[in-house]
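For reference, the structure is listed below as structure tokens.
The values are calculated or read from the model by the stated rules, or taken from the named source; none is laboratory data. Please read these numbers as outputs of a predicted model, since none were measured by experiment. Counting neighbours? That spans all protein chains shown, and the Cβs are built from the backbone with ideal geometry, glycine included.
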Amino acid sequence: MIKILNLLILCLFSSCIVAETIAIIGTGNVASALGPAFAKQGHEIVYGSRNPSNPELQLLLDQTLVVNLQHPENKPYVTSPREAAEKSQVVVLAVPGSAVSEVVLNLGDLTGKIVIDPTNSRVLGDDGHRVYPVETSYAEIIQDLVPESYVVKAFNTLNYRTMIDPDSSGGQVTIPIVGNHKPSKDFVANLIRAMGLEAIDLGPVRFAHILEGMLFLYVYGREAGTPFNYHLRIDE
Ligand SMILES: NC(=O)c1ccc[n+]([C@@H]2O[C@H](COP(=O)([O-])OP(=O)(O)OC[C@H]3O[C@@H](n4cnc5c(N)ncnc54)[C@H](OP(=O)(O)O)[C@@H]3O)[C@@H](O)[C@H]2O)c1
């Protein structure tokens, strides 16, 4: 039943989404989940890698192309992070949080672009659990570095495997998003819903501090033996 519902949602949103060129900076787990998922919605995907000629990236391109057969003109490719960002109206920062400032500063002019930030802290405190490595949040730091862009924090509260296969969680999954620009949040919410996930706008970018903290709880719960995902029930 959930699978049929997800398929219907996918068809509904795929048909009304305007195709964009989306730069995915990074070629790791999150990039491999979001790139094919966005390509499936008809968007053109450009990966930005520090080593674009790495032959191992062919597999990622194949995975992205396979699901994009309906739009053969949108062939995915890999280039440098800067060129990927320059070609795109939407930029996803699928890189370690510790590297995100340096990455953003090397992407060129991001004025007017939607910058999707899924980054999290991997820093552990003395007790072995996650700690904030920055006083505010990665999302706020990015927004300060590129004030004329539209930063949307999203995708940081779930595992990349759930992004690939939402049904694997056994129920609905919500992705909370925050940012200062409503139209950009709406765009990201549509990407999310077309993946078969739920999206909820939880406020301005300064609330990213809380979203990045939600990951701490997610990781703790899982390490303690309670696998879960966020499902924030929306009142009718
Ligand atoms: N894994 C998850 O389930 C998950 C879920 C939600 C959010 N996140 C967050 O999303 C971000 C990406 O996670 P991921 O799991 O995709 O990480 P990952 O598998 O380690 O991939 C990160 C990618 O970032 C690129 N990169 C650019 N600068 C880098 C640097 N200085 N050091 C290392 N890599 C660099 C690399 O691509 P190139 O080598 O091609 O440049 C690398 O493949 C992280 O901030 C993570 O906390 C992860």
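If only residues of the stretch 165-176 that are away from the ligand (no atom under 13 Å from the Cβ) and touching a residue at least 24 places away in the same chain (Cβ under 8 Å) are counted, the one that is farthest from VAL100 (Cα to Cα) is GLY171. Looking only at residues that are in contact with a helix residue (DSSP H, G or I) (Cβ under 8 Å, 6 or more places away or on another chain) and surrounded by fewer than 20 Cβ atoms within 10 Å (Cβ to Cβ) in the stretch 163-192, which one is nearest to TYR218 (Cα to Cα)? Result: SER169.
Residues of the stretch 43-72 being under 24 Å from PHE187 (Cα atoms), in a loop (DSSP other than H, G, I, E, B) and in contact (Cβ under 8 Å) with a residue 12 or more places away in the chain, which ones? Across the stretch 43-72, the qualifying residues are HIS43, VAL67, ASN68, GLN70, HIS71. The lone criterion from (1) among the aliphatic types (A, V, I, L, M); (2) over 12 Å from LEU191 (Cα atoms); (3) modelled with pLDDT under 95 left unmet by ALA33 is number (3).
Which members of the stretch 200-214 meet the condition of being of a type outside the set (Asp, Glu) and either modelled with pLDDT under 95 or crowded, with 20+ Cβ neighbours inside 10 Å (or both)? VAL205, ALA208, LEU211 - these are the residues of the stretch 200-214 that are of a type outside the set (Asp, Glu) and either modelled with pLDDT under 95 or crowded, with 20+ Cβ neighbours inside 10 Å (or both). Residue under question is VAL78, and the condition is that it be more than 21 Å from SER184 (Cβ to Cβ), at pLDDT 95 or above and assigned to a strand (DSSP E or B); does it hold? Yes; evaluated as a whole, the condition is true for this residue. Residues that are in contact with a helix residue (DSSP H, G or I) (Cβ under 8 Å, 6 or more places away or on another chain) and farther than 18 Å from TYR230 by Cα within the stretch 195-208 comprise VAL205, ARG206, listed in sequence order.
Here HIS209 fulfils each of the conditions (1) in a loop (DSSP other than H, G, I, E, B); (2) closer than 14 Å to ASN120 by Cα apart from (1). Checking each residue in the stretch 135-158 for being in contact (Cβ under 8 Å) with a residue 40 or more places away in the chain and over 14 Å from VAL205 (Cβ atoms) picks out PHE155, THR157, LEU158.
Residue by residue, here is whether (1) more than 12 Å from the ligand (Cβ to nearest atom); (2) free of Cβ contacts under 8 Å to residues at least 12 places away in the same chain; (3) among the aliphatic types (A, V, I, L, M) holds:
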residue: PRO133; (1), (2), (3): no, no, no
residue: TYR160; (1), (2), (3): no, no, no
residue: MET163; (1), (2), (3): no, no, yes
residue: ASN180; (1), (2), (3): yes, no, no
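Is there a residue being within 19 Å of ASP167 (Cα to Cα) and of a type in the set (Val, Ile, Thr) anywhere in the stretch 200-217? Yes. The residues on offer are SER149, SER169, and the sole one that is over 21 Å from VAL18 (Cα atoms), among the hydroxyl-bearing types (Ser, Thr, Tyr) and more than 14 Å from the chain's Cα centre (by Cα) is SER169.
If the condition is being among the aliphatic types (A, V, I, L, M), in contact with a Lys or Arg (Cβ under 9 Å, 6 or more places away or on another chain), assigned to a loop (DSSP other than H, G, I, E, B) and crowded, with 19+ Cβ neighbours inside 10 Å, then the stretch 102-144 contributes only LEU107.
Among the conditions (1) crowded, with 18+ Cβ neighbours inside 10 Å; (2) within 16 Å of the ligand (Cβ to nearest atom); (3) in a loop (DSSP other than H, G, I, E, B); (4) more than 14 Å from the chain's Cα centre (by Cα), THR27 misses just one, which is (4).
Filter the stretch 145-157 down to the residues that are part of a loop (DSSP other than H, G, I, E, B) and of a type in the set (A, V, I, L, M), then identify the one that is surrounded by the most Cβ atoms within 10 Å (Cβ to Cβ). Even if it seems obvious, please write down each step before you answer.
Of the residues in the stretch 145-157, the ones part of a loop (DSSP other than H, G, I, E, B) are 146-149, 154-157.
Filter once more, keeping what is of a type in the set (A, V, I, L, M): 146, 154.
Working: VAL146: 19, ALA154: 25.
Among those residues, the one meeting the criterion is ALA154.
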